[in-house]
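Working notes, structure below.
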Amino acid sequence: MEHRTEIKVRGYHLDLYGHVNNARYLEFLEEARWRMVEKGSSLESWRRRGLAFVIVKIAINYRRGAVLDDVLTIESRLARLGGRSGVIAQDVKRGEEMVADAEVTFVVMDMATGSAVGIEGAVREELESLG
């Protein structure tokens, strides 16, 4: 299942050259992931179980510049789910034009130990539902 998030480019998103600063894309992608995860899971229930959803790697391809007043759509989907990590694929589009794309690798962390744990049981089911 693909999740869509719209973000309008504001003046504070821009850099000296008048286009969205590369670091802002991280914020756009994060907002879209939060919305995606909130639809299929309760992060509060994860906290009660002592678990956290943690990003360990982000690879972004910047393809086109976005400018003031552009409306960007971020399409997010669970691309892969392994035994100890998963990947969320995200596309940033202006209409049909690809502005950027990213692969975001995550793990589920035991908050008490700070270590990644296996993705299994109810947590796996919740993540698979993001599909």
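In the set (1) open to solvent by 50 Å² or more (accessible area, probe 1.4 Å); (2) modelled with pLDDT of 95 or more; (3) under 26 Å from Lys8 (Cβ atoms), the condition left unmet by Glu38 is number (2). Within the range 85-111, the only residue that satisfies the criterion of being under 12 Å from the mean Cα position of the chain (by Cα) and open to solvent by 40 Å² or more (accessible area, probe 1.4 Å) is Glu103. Screening Gly82, Gly114 for residues that are loosely packed, with under 15 Cβ neighbours inside 10 Å and either of a type in the set (D, E, K, R) or more than 20 Å from Glu2 (Cα to Cα) (or both) leaves exactly one candidate, Gly114. Report the residue count in the range 88-131 for those that are part of a strand (DSSP E or B) and either of a type outside the set (D, E, K, R) or without any contact (Cβ under 8 Å) to a residue 24 or more places away in the chain (or both). Total meeting the criteria: 19. Within the range 18-41, the only residue that satisfies the criterion of being of a type in the set (Ser, Thr, Tyr) and either free of Cβ contacts under 8 Å to residues at least 60 places away in the same chain or over 21 Å from Val108 (Cβ atoms) (or both) is Tyr25.
Scanning the range 41-54 for any residue that is in a loop (DSSP other than H, G, I, E, B), touching a helix residue (DSSP H, G or I) at 6+ places or on another chain (Cβ under 7 Å) and buried (at least 16 other Cβ atoms within 10 Å of the Cβ) turns up at least one such residue.
Within the range 54-70, the set of residues being under 18 Å from the mean Cα position of the chain (by Cα), under 21 Å from Ile7 (Cβ atoms) and of a type in the set (A, V, I, L, M, F, W, C) comprises Ile55, Ile58, Ala59, Ile60.
Among the residues making up the range 1-32, a single one is at pLDDT below 95, under 28 Å from Glu125 (Cβ atoms) and open to solvent by less than 60 Å² (accessible area, probe 1.4 Å): His3.
The values are calculated or read from the model by the stated rules, or taken from the named source; none is laboratory data. Please read all numbers here as calculations on a predicted model, not as lab measurements. Using ideal geometry, Cβ is built from the backbone for each residue, glycine included, and neighbour counts are taken over all protein chains shown. When the accessible area is computed, the model is the full protein with side chains, heavy atoms only, and any ligands, DNA or RNA have been set aside. Shrake-Rupley method; radii C 1.70, N 1.55, O 1.52, S 1.80 Å.
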